[in-house]
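Inspection log for the structure reproduced underneath, given as structure tokens.
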Amino acid sequence: MDFLASESSAPINPGVHVNVMETLVYEEIDKQLRFYPKNLRNYLNLTEVATYALNRLPPLYASSVKGVEEQRRVAGRQYRSELTSAVRRAIAAVERDPLRNSEPIVSEIEVNYRGAESTLGQIQELLKRYHLLEPVNKEVTWDNCLPLLRQAFLKLTTAQAPPPLGVTERRAVPPPPPPPIRTPSMDDRQIDPKNTLW
């Protein structure tokens, strides 16, 4: 059975797990690049360097703070020299081919973040366009978005609501309709026994 194609539901509480080796690789890249000229450091694609190194190192997953600490100790004891060597080779490999044309993978988190930032910008523009943002130059952030929207809706609803009736300004009450004109009904008419059909 293909695991990826199965329609089983996700765990109820999946939790979070991290590959501690990823953190260690980025720390090692930073450490080694301190000795490189600044223009070369800015030119290297650190994601490609990390990917190259990580493909040559074992993963060290943890799902708790204590697990992360333990995996760091394991890496320090068992994989220190492999880590240093893998990062050195990764920098050299990416440095040899710096003009390689590759399309990076954009994470779902990054896509969602960009979408959220775009939405915030649209909310700000909308509030400015309808003069609902006070002060006018205020920036809409996720921290102040809800209060600003509440303020805008309150401003809109109070502008559209009819003014309440005061003591001095009472609306004229229309007069009651005239009573209906009485017409003779069947009950009021005289029944002629000669004209009855029985």
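For the range 31-48, indicate whether the set of residues that are touching a residue at least 60 places away in the same chain (Cβ under 8 Å) and open to solvent by less than 40 Å² (accessible area, probe 1.4 Å) is non-empty. The answer is no, given that none of the residues of the range 31-48 is touching a residue at least 60 places away in the same chain (Cβ under 8 Å) and open to solvent by less than 40 Å² (accessible area, probe 1.4 Å). Among residues of the range 49-69 that are open to solvent by 90 Å² or more (accessible area, probe 1.4 Å), those with a beta-carbon under 6 Å from a residue that is in a loop (DSSP other than H, G, I, E, B) at least six positions away or on a different chain give the pairs 61/17; 63/15; 63/17. Is the range 112-128 home to any residue that is touching a Leu at 6+ places or on another chain (Cβ under 8 Å), at pLDDT below 85 and either closer than 30 Å to residue 47 by Cα or outside any loop (DSSP other than H, G, I, E, B) (or both)? Scanning the range 112-128 turns up no residue that is touching a Leu at 6+ places or on another chain (Cβ under 8 Å), at pLDDT below 85 and either closer than 30 Å to residue 47 by Cα or outside any loop (DSSP other than H, G, I, E, B) (or both). Among the residues of the range 139-153, those that are open to solvent by 60 Å² or more (accessible area, probe 1.4 Å), in a helix (DSSP H, G or I) and not charged (D, E, K, R) comprise 146, 147, 151, 153.
Is it the case, given these coordinates, that residue 93 is touching a Phe, Trp or Tyr at 6+ places or on another chain (Cβ under 7 Å) and loosely packed, with under 15 Cβ neighbours inside 10 Å? Step through it out loud before you land on a result.
Working: touching a Phe, Trp or Tyr at 6+ places or on another chain (Cβ under 7 Å): yes; loosely packed, with under 15 Cβ neighbours inside 10 Å: yes.
It is true that residue 93 is touching a Phe, Trp or Tyr at 6+ places or on another chain (Cβ under 7 Å) and loosely packed, with under 15 Cβ neighbours inside 10 Å.
For the range 101-138, enumerate the residues that are exposed (fewer than 10 other Cβ atoms within 10 Å of the Cβ) and among the charged types (D, E, K, R). Passing the criteria: 103, 108, 129.
Of all residue pairs spaced 6 or more apart or on separate chains, those with beta-carbon atoms under 8 Å, a first member in the range 136-150 that is closer than 16 Å to residue 122 by Cβ and a second member that is assigned to a loop (DSSP other than H, G, I, E, B) and of a type in the set (A, V, I, L, M, F, W, C) are 140/133; 148/133; 148/140.
The values are calculated or read from the model by the stated rules, or taken from the named source; none is laboratory data. Just so you know, these numbers come straight off a predicted model, no measurement behind them. Counting neighbours? That spans all protein chains shown, and the Cβs are built from the backbone with ideal geometry, glycine included. Surface areas here come from the heavy atoms of the whole protein model, side chains and all, with no ligands, DNA or RNA. Shrake-Rupley method; radii C 1.70, N 1.55, O 1.52, S 1.80 Å.
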